[in-house]
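The values are calculated or read from the model by the stated rules, or taken from the named source; none is laboratory data. Quick caveat: nothing in here was measured; it's all calculated off a predicted structure. Here the Cβ positions follow ideal geometry from the backbone for every residue, glycine too, while neighbour counts run over all protein chains shown.
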Amino acid sequence: MTLLLWRCSWTLCSILASAAVLAQDPVDENHEDQQLEFAGFKDTFSGGAADIDVDAVGVVGNPFKRLFRNWPDDLVIAPVPGYSPQMGWNLKLVGAYFLDSDDDDPEARPSAIGAFAMGAENGSYAFGGGAKLHLLDDKLRIQAGAGYMDVRYRFYGVGNLANDRGIGLDILQKGPVYFAKGSWRIWNQLYAGIGYVHGTVETRARITFPDVDGFDPSLNLDVGALMIPLNFDSRDHEQFPRDGWLFNATVNLYRESVASDFDATIVNLNVNRYLPMRQQDAFAWRAVVRSASGDAPFFLLSSFGGGKDLRGYPSGRYRDSKMYAVQGEYRWQFNESWIFTGFAGVGEVAEQFSEFGDNFLPAAGVGARYVISKKHRVSLSADIAVGNDGTEFYFGVGEAF
């Protein structure tokens, strides 16, 4: 659940960036890793506005601009249909307004404000908004957002044995989440900062209980954490990078002293590398390692699936204290409007790092992107991926990573 809330905050950030769920991977720093990692939020916000980062390079116009002659280039609004085994068919409406930088540099990254709303076939819904600001010639970056989610999803248990059984408990989870983060450029393209995230999570099993006085089957937790992000970004473009590195390291400290009902430490490290291929294509690879320690509730444990780590598995199907995932993707720029992709990867979850190597989870797939904003290179994406447990479909905004 917390994973959901965190991702809500991540999506907000992402919405901002496209304008930001508050924000991959519960709080996943910039959309790359603002993982507010609540269990069901991962599906809820995957591919939402939260997954959009900002850049000022020219691209194809957006849907509403084609309908309205005087529609501003800097306003992007798009309906994003989707499907997941957890929630069924769903629809997200995401919007972002890009604010041009005062800097004379044509490559300066603009700020953005945005919002999103989501409704799903199984009754889940979420909404929120936020901002991503590049200030003082991009020396200072500020992200902030707020959202609310009410989601239904399935919890498969913790550990590989429980995950492999495929038997889950239906969960209802809801609550608000808020976050704010500031980062300062300390050297070249290296940023360090501090942030705070807070949410209130109500979790209950989707089981009908007889009326019993004094019996409340729900679990309510206040979730508060200090975020310590470190980010290095040398990409030549945020939406469709063809060259450069992106490194994110985030430590989330959940403590009673910052309004959390439990003490836990979440460490997330990930690195993306982009290599130019042919005239306009690119090859991208990504590696991520995550660790949850202390009294972390199940929704804050490490998991993958349902998003960028890895496509091909239901969101939250595999969950434990530690995880890693490695994947590569080829991106073929067919023309100004269409990009086609092919990807493959592998990952694992385990209680301890020493247990890695026994339960490999491979995945592979193909996808397509349709560019809806030439100026900011924002695109709608569709992927199909195959893992050990079957085939998964993904619809969203922007690249997976």
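Taken together, Pro176, Pro210 contain a single residue that is surrounded by fewer than 21 Cβ atoms within 10 Å (Cβ to Cβ), modelled with pLDDT of 85 or more and farther than 21 Å from Pro110 by Cα, which is Pro176. Every test in (1) surrounded by 17 or more Cβ atoms within 10 Å (Cβ to Cβ); (2) outside any loop (DSSP other than H, G, I, E, B); (3) of a type outside the set (Phe, Trp, Tyr); (4) in contact with an Asp or Glu (Cβ under 6 Å, 6 or more places away or on another chain) is passed by Asn252 save one, and that test is (4). Condition check: in contact with a Pro (Cβ under 8 Å, 6 or more places away or on another chain), over 22 Å from Ile266 (Cα atoms) and either outside any loop (DSSP other than H, G, I, E, B) or not hydrophobic (A, V, I, L, M, F, W, C) (or both). Does Ile372 satisfy that? For Ile372, the condition - in contact with a Pro (Cβ under 8 Å, 6 or more places away or on another chain), over 22 Å from Ile266 (Cα atoms) and either outside any loop (DSSP other than H, G, I, E, B) or not hydrophobic (A, V, I, L, M, F, W, C) (or both) - is met. When Gly347 is tested against (1) over 16 Å from Asn272 (Cα atoms); (2) in contact with a strand residue (DSSP E or B) (Cβ under 6 Å, 6 or more places away or on another chain), only condition (1) is not met. Summed over the stretch 295-344, residues that are of a type in the set (Lys, Arg) and over 19 Å from the mean Cα position of the chain (by Cα) total 1.
Based on what the data block shows, is Ala292 closer than 30 Å to Gly199 by Cα, more than 16 Å from the chain's Cα centre (by Cα) and part of a loop (DSSP other than H, G, I, E, B)? No, not satisfied. Please verify whether the stretch 376-391 includes one or more residues that are of a type in the set (Lys, Arg) and outside any strand (DSSP E or B). Yes, there is a match, as at least one residue in the stretch 376-391 is of a type in the set (Lys, Arg) and outside any strand (DSSP E or B).
Test Gly367 against the criterion of being modelled with pLDDT of 90 or more and surrounded by 16 or more Cβ atoms within 10 Å (Cβ to Cβ), and give yes or no. Considered against the rule, which asks whether it is modelled with pLDDT of 90 or more and surrounded by 16 or more Cβ atoms within 10 Å (Cβ to Cβ), Gly367 comes out as yes.
Give me the residue from the stretch 315-329 that is farther than 20 Å from Gly398 by Cα, in a loop (DSSP other than H, G, I, E, B) and not charged (D, E, K, R) and, out of that set, modelled with the lowest pLDDT. Restricting to residues being farther than 20 Å from Gly398 by Cα, in a loop (DSSP other than H, G, I, E, B) and not charged (D, E, K, R), the top hit is Gly316. Note on the stretch 318-343: residues that are closer than 14 Å to Val386 by Cα and surrounded by 19 or more Cβ atoms within 10 Å (Cβ to Cβ) total 2. Across the stretch 255-287, the qualifying residues are those that are under 30 Å from Phe334 (Cα atoms) and of a type in the set (D, E, K, R), and the one among them that is surrounded by the fewest Cβ atoms within 10 Å (Cβ to Cβ) is Arg278. Per the listing Gly95, Gly123, the residue uniquely at pLDDT 80 or above and part of a loop (DSSP other than H, G, I, E, B) is Gly123. Residue pairs whose Cβ atoms lie under 6 Å apart, separated by 6 or more positions or on different chains, with the first residue in the stretch 220-242 and more than 30 Å from Ala259 (Cα to Cα) and the second small (Gly, Ala, Ser), are Ser234/Gly244; Arg235/Gly244; Asp236/Gly244; Arg242/Ala282.
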